[in-house]
Amino acid sequence: MDPRSLVERVGPMYSLPDVALRVNELLSNDEANNAQLQQVISYDPALTAQLLKLVNSAYYGFPSSIDTVSRAVAVIGHQELRNLVMTIAVTETFKGIPDELVDMETFWFHSITCGVLARLLAQRCEYKERERFFVAGLLHSIGKLLLFHQFPKESTEILRVKDQGDEAIIEAEKRVFGFTYAELGAELLKAWRLPPNIWQLVENQITPERVNDNRRDTCLLHVAAKITASVEPCAVKTYDFNEFDPSYSASAWQLLGLSDELVTSLVYEASEQAANILRIVKPNAMLVFISVHPEQRIAESSSKRDDPRAIRRILN
C-alpha cells in the first residue's frame, strides 16, 4: 500500500464540494474575476451564508455590514476568499471518525489555529504571499483523519506510543503503513488540485531540514505545526495544558530568523483568531474549550498575554 493508491481508492469519500473545488481551480490558475467567483459561490446557499457571517464577524472587524458575496470578495481579496472557502468546506467533509481516536471539534480547533499561526509566522518573516500558509496549516494533519477512518484498529495501536513523542508516532506509522500521515495528506491535497506550494509543505513538514526546494517555507509550516501541537493536540490524549514546550527543529527555527520571545504572543493571537473563525464554521467546537472558570472572560485574559495558559480562557 502507498499513499497514492490509498487516496485513489478512498478519495471519493473525501471529495470537497464542487463549489470549493471550482473556487480553488479559478484561484490557482489566476483566471478568476470577482463576477465569476460570486457566481460560483452563490450556487451554494449554505456556503454563501457562512461566508457572509465570517466576513461580518469580529475576525475582520469591518466598520459596516457586508451583505453581498461580490462585496465580500472585493473587500477580503481572492486569497483570503480561498482560505474561508477551504475552511468551511473541509470542516464539513470528514464524518464518521471514531471518537476514541480523535475529537473532531478539537481537531478543527487545532487545524485552524495552525493555519492562523502559520500565516502570522509568514507575516513576521515578511512573506508577500502569506495566505497559502493558512491553507497549509489548516490541512497539515488531514492525513491523520484518513488513517483514523480507514484503519481505526491500527491507528489505536499507533496512538499507544503518543506519550513517547511525535517521533515515536512517525516511526510507528512507517512501520505499520509504510508511510506517514504527512505523505498521505499531501496525496489527498493533490487530488483536490491544490498547488504544489501547499501540498509540498504538508508532505515535507516532518523533516524540513532534508528539503532542498522551499526549505524555508517548509520549516515555517513545521514550526507552526509543532507549536500548535504543544498547545492544542489534535488527537485524544491525556495532556497537561500548563505545559508549553514545542519540540520543533532548532535548525528550522533558526532558519526563520525569529526570536523565542515571539512564540507566546503569536500563540495567543492565533488562538484568538481561530476562536473567532470557529464561532461561525464550527460553533460546537467552542464548547470543548470553555474554561472551568467561566467567569474569566476575554477581557481578563487579555491582560495576561504573556501567560500561555491564558489562551485557555479566551474561548467563552
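Values quoted throughout were computed directly from the atomic coordinates according to the rules given, and no laboratory measurement underlies them. This one's a predicted model, so the numbers in the text were calculated from it and none came from an experiment. In this analysis, Cβ positions are derived from the backbone assuming ideal geometry, glycine residues included, and neighbour counts consider all displayed protein chains.
Spatially, segment 72-97 and segment 168-201 are offset by 21 Å when compared through their Cα centroids.
Full extension of the chain segment joining Asp163 with Val75 gains 27.2 nm, where the gain is 0.36 nm per residue of separation less the Cα-Cα distance. Residues Met1, Met86, ranked from the fewest to the most other C-beta atoms within 10 Å, line up as Met1, Met86. Geometric descriptor of segment 48-88, per residue, is 61 Å³ (volume of the convex hull of the Cα atoms). Label-to-label distance, Thr156 versus Asp67, with points set 7 angstrom from Cα along the beta-carbon direction: 5.4 nm. Loop-located trypsin sites (Lys or Arg not before Pro) in segment 1-98 (DSSP state other than H, G, I, E, B) with a sparse environment of at most 11 neighbouring Cβ atoms within 10 Å: Lys95.
Report, to one decimal in Å, the Kirkwood hydrodynamic radius for segment 14-70 based on all distinct Cα pairs. Across segment 14-70, the inverse of the average 1/r is 12.3 Å. Per-residue Karplus couplings for segment 159-168, computed as 6.51 cos²θ - 1.76 cosθ + 1.60 with θ equal to phi - 60°, are listed in order as 5, 5, 9, 4, 6, 8, x, 4, 4, 5 Hz, Gly and Pro entered as x. Across segment 100-112, rounded Karplus estimates of 3J(HN,Hα) from the backbone phi angles (6.51 cos²θ - 1.76 cosθ + 1.60, θ = phi - 60°) give 6, 9, 8, 8, 5, 5, 5, 4, 6, 5, 4, 5, 5 Hz, Gly and Pro being marked x. Between Arg210 and Ala250, the FRET efficiency estimated from the beta carbon spacing at R0 = 22 angstrom works out to 0.90. Only lysines eight or more places from Lys153 in sequence, or on another chain, were considered; those with a Cα closer than 29 Å are Lys95, Lys144, Lys162, Lys174, Lys190, Lys226, Lys237, Lys282.
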